[in-house]
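I have placed the structure first, in the form of structure tokens, so that the comments after it can refer back to it.
The values are calculated or read from the model by the stated rules, or taken from the named source; none is laboratory data. Since the structure is predicted, the reported quantities are computational estimates derived from the model, not experimental observations. For neighbour counting, all protein chains shown are included, and Cβ atoms are generated from backbone atoms with ideal geometry for every residue, glycine included.
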Amino acid sequence: MTDAVITQGPVAEKRRGEGLTAAALITPATIFVALCLLAPLAILFRYSLNDFVATKKLMVEAVTVANYVKSSPTPTTPPSWRPRCASR
């Protein structure tokens, strides 16, 4: 019997590192999706730092944490505003 030599075709001859890798293909899409998701969140966060003038009922462009301080719970928060337990 004779030994048959199996030659590899052009597809199998590609060595590792040639051509585009999976990371090179995924990176641009990941950056695009991250920017499209994070940009609106950053804008909303910036809007949340504006100051609310109650007398005029309008938002004034400023950088203040007053809205967060007003909405944070304090020890004097009424019990009706505290989270309630679902068990009975």
Please count how many residues of the range 26-51 are more than 30 Å from Asn67 (Cβ to Cβ) and surrounded by 10 or more Cβ atoms within 10 Å (Cβ to Cβ). 5
So which of Pro40, Pro10, Pro75 ends up being part of a loop (DSSP other than H, G, I, E, B) and modelled with pLDDT of 70 or more? Pro75
Going by the conditions given, is Val69 exposed (fewer than 10 other Cβ atoms within 10 Å of the Cβ) and in contact with a Leu (Cβ under 8 Å, 6 or more places away or on another chain)? no
Within the range 54-66, track down each residue that is surrounded by 10 or more Cβ atoms within 10 Å (Cβ to Cβ) and either outside any loop (DSSP other than H, G, I, E, B) or not polar (S, T, N, Q) (or both). Leu58, Met59, Val60, Ala62, Val65, Ala66
